[in-house]
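Have a look at the structure below, then the notes.
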Amino acid sequence: MTALLLASLAAVFTIAGGALPLARRGLGERGLSLLVAFSAGVMLSTGINSMLPASFELAGSGAVLGVSAGFILLYLAERVTLVHACREHGRHVHTLGVFAVAGLGFHMALDGFAIAVSGEAQAALGAVVALAVLAHRFPSGISFAGVMLVSGYERSRAWATLVVLALLAPAGAAAGLLFAGVGDAVLGFAIGLSAGTFLYISTSDLLPEAHERGWHDYGVPLAFAAGFALMLAAALVLG
(Lines give C-alpha, C1' and ligand atoms only; values in the text may rest on other atoms or scores of the structure.)
Protein backbone atom coordinates (compact mmCIF):
# COMPACT_ATOMS: atom_id res chain seq x y z
CA MET A 1 0.00 0.00 0.00
CA THR A 2 2.90 2.37 0.78
CA ALA A 3 4.34 1.71 -2.68
CA LEU A 4 1.04 2.68 -4.30
CA LEU A 5 0.90 5.91 -2.31
CA LEU A 6 4.48 6.82 -3.23
CA ALA A 7 3.89 5.99 -6.89
CA SER A 8 0.73 8.12 -6.81
CA LEU A 9 2.82 10.96 -5.38
CA ALA A 10 5.22 10.47 -8.30
CA ALA A 11 2.23 10.88 -10.62
CA VAL A 12 1.36 14.14 -8.88
CA PHE A 13 4.94 15.38 -9.30
CA THR A 14 4.79 14.54 -13.01
CA ILE A 15 1.57 16.48 -13.49
CA ALA A 16 2.93 19.40 -11.45
CA GLY A 17 6.01 19.56 -13.66
CA GLY A 18 3.96 19.35 -16.83
CA ALA A 19 1.72 22.13 -15.60
CA LEU A 20 4.57 24.66 -15.98
CA PRO A 21 4.84 24.62 -19.80
CA LEU A 22 1.12 23.92 -20.20
CA ALA A 23 0.32 27.00 -18.12
CA ARG A 24 2.91 29.00 -20.12
CA ARG A 25 5.25 29.24 -17.17
CA GLY A 26 8.75 27.91 -16.81
CA LEU A 27 11.87 27.68 -14.70
CA GLY A 28 14.08 29.25 -17.34
CA GLU A 29 16.90 27.48 -19.16
CA ARG A 30 19.32 27.66 -16.23
CA GLY A 31 16.80 26.55 -13.65
CA LEU A 32 15.79 23.53 -15.69
CA SER A 33 19.45 22.65 -16.39
CA LEU A 34 20.24 22.59 -12.69
CA LEU A 35 17.11 20.61 -11.85
CA VAL A 36 17.84 18.00 -14.53
CA ALA A 37 21.49 17.71 -13.42
CA PHE A 38 20.43 17.28 -9.79
CA SER A 39 17.95 14.57 -10.84
CA ALA A 40 20.69 12.79 -12.80
CA GLY A 41 22.91 12.69 -9.72
CA VAL A 42 20.04 11.42 -7.58
CA MET A 43 19.16 8.59 -9.96
CA LEU A 44 22.72 7.52 -10.71
CA SER A 45 23.65 7.46 -7.02
CA THR A 46 20.53 5.51 -6.11
CA GLY A 47 21.17 2.94 -8.82
CA ILE A 48 24.82 2.43 -7.89
CA ASN A 49 24.82 2.82 -4.12
CA SER A 50 21.41 1.44 -3.09
CA MET A 51 19.80 -0.75 -5.74
CA LEU A 52 22.89 -2.56 -7.05
CA PRO A 53 24.07 -3.75 -3.60
CA ALA A 54 20.56 -4.93 -2.71
CA SER A 55 20.25 -6.76 -6.01
CA PHE A 56 23.57 -8.56 -5.55
CA GLU A 57 22.70 -9.44 -1.97
CA LEU A 58 19.47 -11.12 -3.05
CA ALA A 59 20.32 -12.55 -6.47
CA GLY A 60 24.10 -12.90 -6.54
CA SER A 61 25.39 -13.11 -10.10
CA GLY A 62 21.79 -12.94 -11.35
CA ALA A 63 21.91 -9.24 -10.48
CA VAL A 64 24.25 -8.70 -13.45
CA LEU A 65 21.62 -10.09 -15.81
CA GLY A 66 18.94 -7.91 -14.23
CA VAL A 67 20.93 -4.69 -14.53
CA SER A 68 21.94 -5.48 -18.11
CA ALA A 69 18.37 -6.33 -19.07
CA GLY A 70 17.02 -3.11 -17.54
CA PHE A 71 19.56 -0.91 -19.31
CA ILE A 72 19.10 -2.57 -22.70
CA LEU A 73 15.31 -2.79 -22.37
CA LEU A 74 14.92 0.93 -21.83
CA TYR A 75 17.44 1.72 -24.56
CA LEU A 76 15.50 -0.37 -27.06
CA ALA A 77 12.19 1.13 -25.92
CA GLU A 78 13.51 4.64 -26.57
CA ARG A 79 15.05 3.75 -29.92
CA VAL A 80 11.94 1.96 -31.16
CA THR A 81 9.57 4.74 -30.09
CA LEU A 82 11.93 7.41 -31.49
CA VAL A 83 11.57 9.82 -28.61
CA HIS A 84 13.77 10.91 -25.74
CA ALA A 85 11.90 11.58 -22.54
CA CYS A 86 13.99 14.66 -21.85
CA ARG A 87 14.13 16.40 -25.23
CA GLU A 88 11.98 19.46 -25.82
CA HIS A 89 11.76 22.93 -27.32
CA GLY A 90 12.97 21.91 -30.77
CA ARG A 91 15.98 19.83 -29.73
CA HIS A 92 15.83 16.46 -31.46
CA VAL A 93 12.05 16.36 -31.15
CA HIS A 94 10.09 13.70 -33.01
CA THR A 95 6.39 13.84 -33.67
CA LEU A 96 4.63 11.99 -30.88
CA GLY A 97 2.66 9.07 -32.25
CA VAL A 98 1.08 6.10 -30.53
CA PHE A 99 4.37 4.24 -30.18
CA ALA A 100 6.16 7.26 -28.78
CA VAL A 101 3.49 7.84 -26.15
CA ALA A 102 3.59 4.13 -25.33
CA GLY A 103 7.35 4.43 -24.78
CA LEU A 104 6.89 7.33 -22.39
CA GLY A 105 4.20 5.38 -20.56
CA PHE A 106 6.51 2.38 -20.26
CA HIS A 107 9.13 4.68 -18.75
CA MET A 108 6.58 5.92 -16.18
CA ALA A 109 5.44 2.41 -15.29
CA LEU A 110 9.03 1.30 -14.68
CA ASP A 111 9.45 4.02 -12.06
CA GLY A 112 6.44 2.75 -10.13
CA PHE A 113 7.69 -0.81 -10.53
CA ALA A 114 11.07 0.21 -9.08
CA ILE A 115 9.43 1.71 -5.99
CA ALA A 116 7.39 -1.43 -5.35
CA VAL A 117 10.05 -4.10 -5.82
CA SER A 118 12.61 -2.12 -3.84
CA GLY A 119 10.20 -1.70 -0.96
CA GLU A 120 9.48 -5.44 -1.01
CA ALA A 121 13.17 -6.12 -0.42
CA GLN A 122 13.85 -3.49 2.26
CA ALA A 123 11.74 -0.62 3.56
CA ALA A 124 14.81 1.65 3.63
CA LEU A 125 15.68 0.79 0.03
CA GLY A 126 12.13 1.52 -1.03
CA ALA A 127 12.36 4.95 0.63
CA VAL A 128 15.59 5.82 -1.15
CA VAL A 129 14.26 4.70 -4.53
CA ALA A 130 11.04 6.63 -3.99
CA LEU A 131 13.02 9.80 -3.27
CA ALA A 132 14.97 9.30 -6.48
CA VAL A 133 11.80 8.79 -8.50
CA LEU A 134 10.15 11.88 -7.03
CA ALA A 135 13.21 14.01 -7.84
CA HIS A 136 13.14 12.73 -11.42
CA ARG A 137 9.42 13.01 -12.06
CA PHE A 138 9.10 16.80 -11.85
CA PRO A 139 11.60 17.63 -14.62
CA SER A 140 10.28 14.68 -16.63
CA GLY A 141 6.79 16.18 -16.45
CA ILE A 142 8.17 19.45 -17.80
CA SER A 143 9.84 17.61 -20.67
CA PHE A 144 6.81 15.44 -21.48
CA ALA A 145 4.58 18.49 -21.75
CA GLY A 146 7.18 20.43 -23.73
CA VAL A 147 7.56 17.61 -26.25
CA MET A 148 3.80 17.41 -26.73
CA LEU A 149 3.44 21.16 -27.30
CA VAL A 150 6.31 21.23 -29.80
CA SER A 151 4.74 18.23 -31.55
CA GLY A 152 1.55 20.20 -32.14
CA TYR A 153 -0.69 18.86 -29.37
CA GLU A 154 -3.55 21.11 -28.32
CA ARG A 155 -3.28 21.99 -24.65
CA SER A 156 -6.41 20.03 -23.74
CA ARG A 157 -5.02 16.93 -25.43
CA ALA A 158 -1.60 17.47 -23.84
CA TRP A 159 -3.19 17.73 -20.38
CA ALA A 160 -5.14 14.51 -20.91
CA THR A 161 -2.08 12.64 -22.19
CA LEU A 162 0.05 13.91 -19.31
CA VAL A 163 -2.48 12.67 -16.73
CA VAL A 164 -2.74 9.25 -18.38
CA LEU A 165 1.05 8.91 -18.50
CA ALA A 166 1.37 9.98 -14.86
CA LEU A 167 -1.16 7.40 -13.72
CA LEU A 168 0.97 4.62 -15.17
CA ALA A 169 3.36 5.07 -12.22
CA PRO A 170 0.87 3.60 -9.68
CA ALA A 171 -0.05 0.98 -12.28
CA GLY A 172 3.62 -0.04 -12.44
CA ALA A 173 3.75 -0.14 -8.64
CA ALA A 174 0.73 -2.44 -8.60
CA ALA A 175 2.56 -4.76 -11.00
CA GLY A 176 5.63 -4.64 -8.78
CA LEU A 177 3.60 -5.67 -5.75
CA LEU A 178 2.93 -8.97 -7.49
CA PHE A 179 6.55 -9.84 -6.66
CA ALA A 180 5.66 -10.03 -2.97
CA GLY A 181 6.49 -13.49 -1.67
CA VAL A 182 8.61 -14.58 -4.61
CA GLY A 183 12.07 -15.96 -3.98
CA ASP A 184 15.06 -13.76 -3.26
CA ALA A 185 16.62 -14.50 -6.65
CA VAL A 186 13.55 -13.26 -8.55
CA LEU A 187 13.18 -10.19 -6.36
CA GLY A 188 16.89 -9.42 -6.68
CA PHE A 189 16.64 -9.72 -10.46
CA ALA A 190 13.68 -7.32 -10.47
CA ILE A 191 15.60 -4.78 -8.39
CA GLY A 192 18.57 -5.15 -10.74
CA LEU A 193 16.23 -4.59 -13.68
CA SER A 194 15.06 -1.35 -12.08
CA ALA A 195 18.66 -0.34 -11.31
CA GLY A 196 19.54 -0.77 -14.97
CA THR A 197 16.76 1.63 -15.96
CA PHE A 198 17.99 4.17 -13.39
CA LEU A 199 21.52 3.97 -14.80
CA TYR A 200 20.24 4.41 -18.34
CA ILE A 201 17.97 7.37 -17.57
CA SER A 202 20.66 9.22 -15.64
CA THR A 203 23.50 8.70 -18.12
CA SER A 204 21.68 8.68 -21.45
CA ASP A 205 18.81 11.13 -20.92
CA LEU A 206 19.35 13.44 -17.97
CA LEU A 207 23.08 14.20 -18.02
CA PRO A 208 23.28 14.93 -21.77
CA GLU A 209 20.20 17.14 -21.49
CA ALA A 210 21.61 19.05 -18.53
CA HIS A 211 24.93 19.68 -20.29
CA GLU A 212 23.28 20.57 -23.59
CA ARG A 213 21.30 23.29 -21.84
CA GLY A 214 24.02 24.48 -19.46
CA TRP A 215 27.35 23.52 -21.04
CA HIS A 216 28.92 26.81 -19.92
CA ASP A 217 27.49 26.77 -16.40
CA TYR A 218 29.58 25.42 -13.51
CA GLY A 219 26.36 25.05 -11.57
CA VAL A 220 25.43 21.99 -13.65
CA PRO A 221 28.21 19.66 -12.39
CA LEU A 222 27.76 21.07 -8.89
CA ALA A 223 24.03 20.28 -9.00
CA PHE A 224 24.82 16.77 -10.24
CA ALA A 225 27.35 16.26 -7.44
CA ALA A 226 24.85 17.53 -4.88
CA GLY A 227 22.19 15.08 -6.03
CA PHE A 228 24.68 12.21 -6.05
CA ALA A 229 26.01 13.06 -2.59
CA LEU A 230 22.53 13.44 -1.13
CA MET A 231 21.44 9.96 -2.14
CA LEU A 232 24.79 8.46 -1.16
CA ALA A 233 24.31 9.90 2.31
CA ALA A 234 20.76 8.55 2.41
CA ALA A 235 22.00 5.08 1.40
CA LEU A 236 24.64 5.13 4.12
CA VAL A 237 22.24 6.35 6.81
CA LEU A 238 19.26 4.17 5.90
CA GLY A 239 21.30 1.14 4.84
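Condition first: assigned to a loop (DSSP other than H, G, I, E, B), at pLDDT 85 or above and on the phi > 0 side of the Ramachandran plot. Can you find one or more residues in segment 24-32 that meet it? Within segment 24-32 (the criterion being assigned to a loop (DSSP other than H, G, I, E, B), at pLDDT 85 or above and on the phi > 0 side of the Ramachandran plot), the answer is no, since none of the residues qualifies.
Looking at segment 43-83 only, could you name the residues that are part of a helix (DSSP H, G or I) and free of Cβ contacts under 8 Å to residues at least 12 places away in the same chain?
If we filter segment 43-83 for residues that are part of a helix (DSSP H, G or I), which is where we start, we get 43-59, 62-81.
Those that are part of a helix (DSSP H, G or I) and free of Cβ contacts under 8 Å to residues at least 12 places away in the same chain: Leu76, Arg79.
Annotation: Asp217 fulfils all but one of (1) part of a helix (DSSP H, G or I); (2) over 21 Å from Ala124 (Cβ atoms); the unmet one is (1).
Can you confirm whether segment 77-97 contains a residue that is hydrophobic (A, V, I, L, M, F, W, C), at pLDDT below 90 and farther than 16 Å from Ser204 by Cα? Steps first, please.
First pass over segment 77-97, keeping only residues hydrophobic (A, V, I, L, M, F, W, C): 77, 80, 82-83, 85-86, 93, 96.
Filter once more, so that each one left must be at pLDDT below 90: 77, 80, 82-83, 85-86, 93, 96.
Within this subset, residues satisfying the condition of being farther than 16 Å from Ser204 by Cα are 96.
For segment 77-97, residues hydrophobic (A, V, I, L, M, F, W, C), at pLDDT below 90 and farther than 16 Å from Ser204 by Cα: present.
Every residue in segment 1-23 that is in a loop (DSSP other than H, G, I, E, B) and over 26 Å from Ser156 (Cα atoms), please. The answer is Met1, and nothing else. Selection of segment 176-185 for residues being in a helix (DSSP H, G or I) and surrounded by 16 or more Cβ atoms within 10 Å (Cβ to Cβ) yields Gly176, Leu177. If the condition is being in contact (Cβ under 8 Å) with a residue 60 or more places away in the chain, among the aliphatic types (A, V, I, L, M) and either more than 23 Å from Gly31 (Cβ to Cβ) or crowded, with 24+ Cβ neighbours inside 10 Å (or both), then segment 124-154 contributes Ala124, Leu125, Ala127, Val128, Val129, Ala130, Ala132, Val133, Ile142, Ala145, Val147.
Residues to consider are Ala185, Ala180, Ala235; find the one that is within 20 Å of the chain's Cα centre (by Cα) and in contact (Cβ under 8 Å) with a residue 60 or more places away in the chain. Walk me through it before giving the result.
Details: Ala185 fails: within 20 Å of the chain's Cα centre (by Cα); Ala180 fails: within 20 Å of the chain's Cα centre (by Cα).
Matching residue, one of Ala185, Ala180, Ala235: Ala235.
Considering (1) over 29 Å from Gly28 (Cα atoms); (2) surrounded by fewer than 19 Cβ atoms within 10 Å (Cβ to Cβ); (3) not small (Gly, Ala, Ser), the lone condition that Arg157 does not fulfil carries the number (1).
Based on what the data block shows, is Ala210 crowded, with 24+ Cβ neighbours inside 10 Å, closer than 18 Å to Asp111 by Cβ and within 19 Å of the chain's Cα centre (by Cα)? Quick ask: steps written out before the conclusion?
On the way: crowded, with 24+ Cβ neighbours inside 10 Å: yes; closer than 18 Å to Asp111 by Cβ: no; within 19 Å of the chain's Cα centre (by Cα): yes.
It is false that Ala210 is crowded, with 24+ Cβ neighbours inside 10 Å, closer than 18 Å to Asp111 by Cβ and within 19 Å of the chain's Cα centre (by Cα).
The values are calculated or read from the model by the stated rules, or taken from the named source; none is laboratory data. All values reported here derive from a predicted model rather than from experimental measurement. Ideal geometry is used to build each Cβ from the backbone, glycine not excepted, and the neighbour counts take in all protein chains shown.
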